[in-house]
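Beneath this line is the structure, given in structure tokens, with notes to follow.
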Amino acid sequence: MKAQKFTLLTVDDDEKDRFFLQSTFQSLDAKYRVQGLSSGNQAIAYLKGEGRFHDRDKFQFPSYIITDLKMPDGDGLHLLEFIKNNPALSVIPVVMLSGSQDPDDIRHAYLLGASSFFSKPLSTQELRTLVTSIHEYWAQCEVPAVDEDGYAVLTSSVGKAGSRYLKPSR
């Protein structure tokens, strides 16, 4: 992502999937800092900088999030709902990477603000190809500036197309 740190938050209750994502992303770009979590509630605590995640030098705000859908202790939809209900955090792209192909799951993910939804391929090589594509896409995207806590930096819209819209704040 242009002009942002490459910190990726992966959220998946399957330890093997988290390890695969971390090793694949780190092999694509040595600048990646990958933080792996096992639930939506852990991800929310991370985004809030609560508990063990309070140190933003160690737990940098993510450039984007890849999350599974179905997890105990806060699923991917719960995480999306939290982000949607905190508009100042809505600058975070969230990619759903799930074993589900259920049309209702996909629809709800997009309704709650998912940036994209992918069903996990069955083979490791197909998953590696998909992860590479996700990386290449998001590495080229322009993203809004955020402060050290990950909240959108206020901009001036005076005389610009966005002037008629409210600015999200903490």
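Would you point out which residue out of Val143, Val158 is within 18 Å of the chain's Cα centre (by Cα), assigned to a loop (DSSP other than H, G, I, E, B) and of a type in the set (Val, Ile, Thr)? Before the answer, list the steps.
Working: Val158 fails: within 18 Å of the chain's Cα centre (by Cα).
Answer to the selection: Val143.
Does the range 123-152 hold any residues that are free of Cβ contacts under 8 Å to residues at least 60 places away in the same chain and surrounded by 10 or more Cβ atoms within 10 Å (Cβ to Cβ), and which are they? Explain how you work it out, then say what you get.
Residues of the range 123-152 that are free of Cβ contacts under 8 Å to residues at least 60 places away in the same chain, as a first pass: 123, 125-126, 129-130, 133, 136-137, 144, 147.
Matches in the range 123-152: Glu126, Thr129, Leu130, Ser133, Glu136, Tyr137, Pro144, Asp147.
Would a scan of the range 37-49 turn up a residue that is modelled with pLDDT under 95 and β-branched (Val, Ile, Thr)?
No: zero hits.
Any idea how many residues of the range 46-85 are touching a residue at least 12 places away in the same chain (Cβ under 8 Å), of a type in the set (S, T, N, Q) and out of contact with any Gly (no Cβ under 9 Å at 6 or more places or on another chain)? Break it down stepwise before answering.
The initial filter retains those residues of the range 46-85 that are touching a residue at least 12 places away in the same chain (Cβ under 8 Å), namely 46-47, 49, 56, 59-84.
Filter once more, so that each one left must be of a type in the set (S, T, N, Q): 60, 63, 67.
With the extra rule that they be out of contact with any Gly (no Cβ under 9 Å at 6 or more places or on another chain), the set shrinks to 63.
Residues meeting the conditions: 1.
Yes/no per residue for (1) aromatic (Phe, Trp, Tyr); (2) assigned to a loop (DSSP other than H, G, I, E, B); (3) surrounded by fewer than 14 Cβ atoms within 10 Å (Cβ to Cβ):
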| position | (1), (2), (3) |
| --- | --- |
| Gln22 | no, no, no |
| Ser27 | no, no, yes |
| Lys31 | no, yes, yes |
| Gly36 | no, no, no |
| Ile44 | no, no, no |
| Leu47 | no, no, no |
| Arg52 | no, no, yes |
| Asp55 | no, yes, yes |
| Phe59 | yes, yes, no |
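Working only within the range 64-100, note down all residues that are in a helix (DSSP H, G or I), out of contact with any Lys or Arg (no Cβ under 7 Å at 6 or more places or on another chain) and more than 12 Å from Ala114 (Cβ to Cβ). Even if it seems obvious, please write down each step before you answer.
In the first step, residues of the range 64-100 are kept if they are in a helix (DSSP H, G or I); the result is 76-84, 87-89.
Applying the additional criterion that residues be out of contact with any Lys or Arg (no Cβ under 7 Å at 6 or more places or on another chain) yields 76-84, 87, 89.
Within the range 64-100, His78, Phe82, Pro87, Leu89 qualify.
Can you tell me which residue in the range 111-122 is surrounded by the most Cβ atoms within 10 Å (Cβ to Cβ), limited to those that are of a type outside the set (A, V, I, L, M) and farther than 16 Å from Gln101 by Cα?
Step one: list which residues in the range 111-122 are of a type outside the set (A, V, I, L, M), which gives 113, 115-121.
From what's left, farther than 16 Å from Gln101 by Cα: 113, 115.
Working: Gly113: 15, Ser115: 17.
The extreme case among them is Ser115.
Within the group Asp73, Asp102, which residue is among the acidic types (Asp, Glu), at pLDDT 90 or above, surrounded by fewer than 18 Cβ atoms within 10 Å (Cβ to Cβ) and in contact with a helix residue (DSSP H, G or I) (Cβ under 8 Å, 6 or more places away or on another chain)? Break it down stepwise before answering.
Numbers: Asp102 fails: in contact with a helix residue (DSSP H, G or I) (Cβ under 8 Å, 6 or more places away or on another chain).
Checking each option against the conditions leaves just Asp73.
The values are calculated or read from the model by the stated rules, or taken from the named source; none is laboratory data. Bear in mind the structure is a predicted one, so any value in this text is a computation, not a measurement. Neighbour counts run over all protein chains shown; Cβ positions are idealised from the backbone, glycine included.
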